[in-house]
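Student: Okay, handing you the structure first.
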Amino acid sequence: MAAYVLLFLLGAMQGLIGCFEFSHSLGSVPVAALGFCALILVTCVLGGLGMRSGFGGLVPAIGWLAASFVLTLPTAAGSVIVTNTTAGKWYLYGGAVCAGVGIAASFRWRPRRAGGDRQQGLRL
């Protein structure tokens, strides 16, 4: 249970940091936003593999989505953290897609549990 809590917090921290750092770019390419998208994808896949459960990939995605989308809501003064720019769109939409792909991959390619099956390894 503690490992799932830590995975949730890892995803939430990635979302929190990503919301403030997504706008760094090289020219017109939002490299930070793309990097944070790839990071949540890798976190979800490795979380699923490490926990030997699809929920290991789901939990960091929930943390990322919660942190990222809560921080996109406007404040009472009307300001937002994630702006409606190309980098902001890549961060939010690309991150959500990468989180979804990571969840699907963690449920699909999780290692089988020992016992029961004669073949062991990754299920393809």
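The values are calculated or read from the model by the stated rules, or taken from the named source; none is laboratory data. These numbers come from a predicted model, not from an experiment. Cβ sites come from the backbone with ideal geometry, for glycine too, and all protein chains shown count toward neighbours. When the accessible area is computed, the model is the full protein with side chains, heavy atoms only, and any ligands, DNA or RNA have been set aside. Shrake-Rupley method; radii C 1.70, N 1.55, O 1.52, S 1.80 Å.
Student: Filter segment 1-50 down to the residues that are open to solvent by 40 Å² or more (accessible area, probe 1.4 Å), in a loop (DSSP other than H, G, I, E, B) and either in contact with a strand residue (DSSP E or B) (Cβ under 6 Å, 6 or more places away or on another chain) or of a type in the set (A, V, I, L, M, F, W, C) (or both) and list them by number.
Tutor: The answer is M1, and nothing else.
Student: Ok, one more. State all residues of segment 43-96 that are in contact with a Pro (Cβ under 8 Å, 6 or more places away or on another chain) and among the hydrophobic types (A, V, I, L, M, F, W, C); if no residue qualifies, say none.
Tutor: C44, L49, V80, A87, W90
Student: Can you tell me how many residues within segment 51-97 are closer than 16 Å to L9 by Cβ and surrounded by fewer than 22 Cβ atoms within 10 Å (Cβ to Cβ)? Working first, answer last.
Tutor: Step one: of segment 51-97, the residues closer than 16 Å to L9 by Cβ are 51, 55-68, 70-71.
Now narrow it down to the ones that are surrounded by fewer than 22 Cβ atoms within 10 Å (Cβ to Cβ): 51, 55, 62, 65-67, 70-71.
Number satisfying all stated conditions: 8.
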